[in-house]
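These notes are about the structure you will find just below.
The values are calculated or read from the model by the stated rules, or taken from the named source; none is laboratory data. Quick caveat: nothing in here was measured; it's all calculated off a predicted structure. In this analysis, Cβ positions are derived from the backbone assuming ideal geometry, glycine residues included, and neighbour counts consider all displayed protein chains.
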Amino acid sequence: MSGFDDGEEEYRGMVTVLLSEGSSEDFEVQAHLAGHFSPLTGDYRWKGRLSAEPGITRAYERGARTVIVRTPDGHEGVGTLDTPNLWGGHPVNGSGTPPFAVPRIDLDD
């Protein structure tokens with residue numbers, strides 16, 4: 001499983017991290033992302049780790065917190081960067097549309 005939680009969907013692979021909508025500054029990094037539907041809040045929560053990238057750390061140090069994370073197949077989600085970890089990578093988390101495919105569930109009436 002993901003290593004995050006048994007009930008979560010996950011994605012491992014390359015992502016593009018954009019520092020803001022329409023920004024020309026983007027970074028290609030490895031990511032491990034996972035998420036789940038939260039019945040308490042009624043939304044989808046996702047979190048993960050981005051591999052070390054000096055450009056992302058410089059942006060974080062300049063105050064960047066909100067990023068767009070996009071997978072090669074076009075899924076994207078808006079997330080929040082956190083403090084770099086011991087290996088120089090950044091934790092990232094978000095709610096709403098995740099940057100990876102999730103199963104579609106149709107509710108019956």
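Annotations
- Selected residue (only one of Pro84, Pro99, Pro39, Pro103 is in contact with a His (Cβ under 8 Å, 6 or more places away or on another chain) and over 16 Å from Val15 (Cβ atoms)): Pro84
- Residue, farthest from Tyr44 (Cα to Cα), within region 84-109, restricted to residues that are loosely packed, with under 11 Cβ neighbours inside 10 Å and touching a residue at least 12 places away in the same chain (Cβ under 8 Å): Trp87
- In region 32-61, the residue that is nearest to Val17 (Cα to Cα) out of those that are at pLDDT below 95 and of a type in the set (S, T, N, Q) is Ser38.
- Enumeration of residues in region 8-63 that are of a type in the set (Gly, Ala, Ser) and part of a strand (DSSP E or B): Gly13, Ala31, Ala34, Gly35, Ser38, Gly48
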